[in-house]
Amino acid sequence: MTIPISRRALVAGGAALALGAGLLRSARADNGVTDGLIRIGQSAVFSGPAKDFGIDYRAGIKLYFDRVNKAGGIHGRKLELVSYDDAYDPAKTAANTAKLIDEDKVFALAGFVATGNLAAAMPLAEKAGVPMFAPLVGTSSFRARVNRLLFHVRAGYDLELRKIISHLSTLSLSSIAVVYQDSAFGKSNLATCEQLAADYKVQVVKALPLAITAEDARQVVASLAEAKPGAVLMIMAGRMVEVFMRDYRANGEAAPLYTLSVGITDAAGSAKRLEGKLAGLVTASIVPPPQALRVPIVADFQRDRAEFGEKIDGYTTLEGYIASRVMVEGLRRGGKALTRDSFIAGLESIGNARFGDFPVEYSAKNHNGSTFVDLEMYTRDGQLRR
């Protein structure tokens, strides 16, 4: 039987529409978005001395993803987090980033950890036009100008350093020493610290590097003893802080110690290993205390931990949870026909907002997120007190 021309055209048109829809689904899948899924990629440190950062941050991000997925997702799409271990090695971060973009076809990148690792990933993200959201990095060089693809949530290390140094200035301490991580993170933030110290007329009498893998800090401690600073500021992350504090306390040094928010991740473990000598360490904090249930975002975090069985509890996990919540808002604002451009526009449309009373601000001219910084002091058992 011969098909009339009008019907033939109709069939051909239907085939074209079906083919077009298939191509559209394929193209959208290549961007990490399908009718039922949004795929997010992460490279972070999940092994080695700094593993707590990546493990805890991922736990917080995934926790809020679980909450959203249980409620039906975003415009009917579930969230998937694809994570790879880079062991704190920027070369592995670059390889992981390429795999996430080229093979896993992620929609966006999120939750990367450390300055050098972010520096290794950004050129790949920029080349592919993939947004990078909420790296656990506060280094000022990433914030000096707006990068359309890069959005921060945590306050910058410059704000943490300013908080610490201005506090020391009010205590009339005129000299400090700095012990810094021998890495891109340590060196770049040392320069920021020295500039801020000059602004507040606080002299940096010693600036001493410590290797990331250091097991002994006695030589650094001996140099500090000769300098006799009014306080010691540590620009280091994770177990390095413990190594330094162990040898510093053992030498009988009494100058007060200060650290950035990334200095201690496993507070209870650090307190036990240091046998109570964690007491008195002052840290910058960029999120509220995770037990401060009076803060709505913290109450939500603890509720979701209980509901979804998340055992990890701490500042970095709460930070990941907050970052995830902000990201989800950007995805919602990106609309049902989600694209990377609409996601970016969605984030920039947030303006000056509060997420469970946690302040965040975005616009086309500001991708820096939060400016929240407070100072807290550790007790013998690893608790924090304001």
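If the condition is being crowded, with 22+ Cβ neighbours inside 10 Å, polar (S, T, N, Q) and out of contact with any strand residue (DSSP E or B) (no Cβ under 6 Å at 6 or more places or on another chain), then segment 239-269 contributes only Thr265.
Strands (runs of 3 or more DSSP E) fully within segment 315-386 that include at least 1 residues being in contact (Cβ under 8 Å) with a residue 60 or more places away in the chain and open to solvent by 10 Å² or more (accessible area, probe 1.4 Å): 366-369, 374-378.
The residues of segment 232-249 that are among the charged types (D, E, K, R) and touching a helix residue (DSSP H, G or I) at 6+ places or on another chain (Cβ under 6 Å), listed by number, are Glu242, Asp247.
State whether the residues of segment 158-177 include one that is open to solvent by 20 Å² or more (accessible area, probe 1.4 Å), in contact with an Asp or Glu (Cβ under 8 Å, 6 or more places away or on another chain), modelled with pLDDT of 95 or more and within 28 Å of Ala211 (Cα to Cα). Yes: segment 158-177 contains one or more residues that are open to solvent by 20 Å² or more (accessible area, probe 1.4 Å), in contact with an Asp or Glu (Cβ under 8 Å, 6 or more places away or on another chain), modelled with pLDDT of 95 or more and within 28 Å of Ala211 (Cα to Cα). Among the residues of segment 245-264, is there at least one that is part of a helix (DSSP H, G or I) and either of a type in the set (Gly, Ala, Ser) or within 16 Å of Leu63 (Cβ to Cβ) (or both)? Within segment 245-264, one or more residues are part of a helix (DSSP H, G or I) and either of a type in the set (Gly, Ala, Ser) or within 16 Å of Leu63 (Cβ to Cβ) (or both).
For segment 199-206, the criterion of a residue being touching a strand residue (DSSP E or B) at 6+ places or on another chain (Cβ under 8 Å), under 28 Å from Gly269 (Cα atoms) and open to solvent by less than 20 Å² (accessible area, probe 1.4 Å) is satisfied by no position.
The values are calculated or read from the model by the stated rules, or taken from the named source; none is laboratory data. The shown structure was predicted, so the numbers you read here are calculated from the model rather than taken from an experiment. Because the Cβ atoms are built from the backbone with ideal geometry, glycine has one as well, and the counts that use them run over all protein chains shown. What goes into the accessible areas is simple: the full protein's heavy atoms, side chains included, and nothing from ligands, DNA or RNA. Shrake-Rupley method; radii C 1.70, N 1.55, O 1.52, S 1.80 Å.
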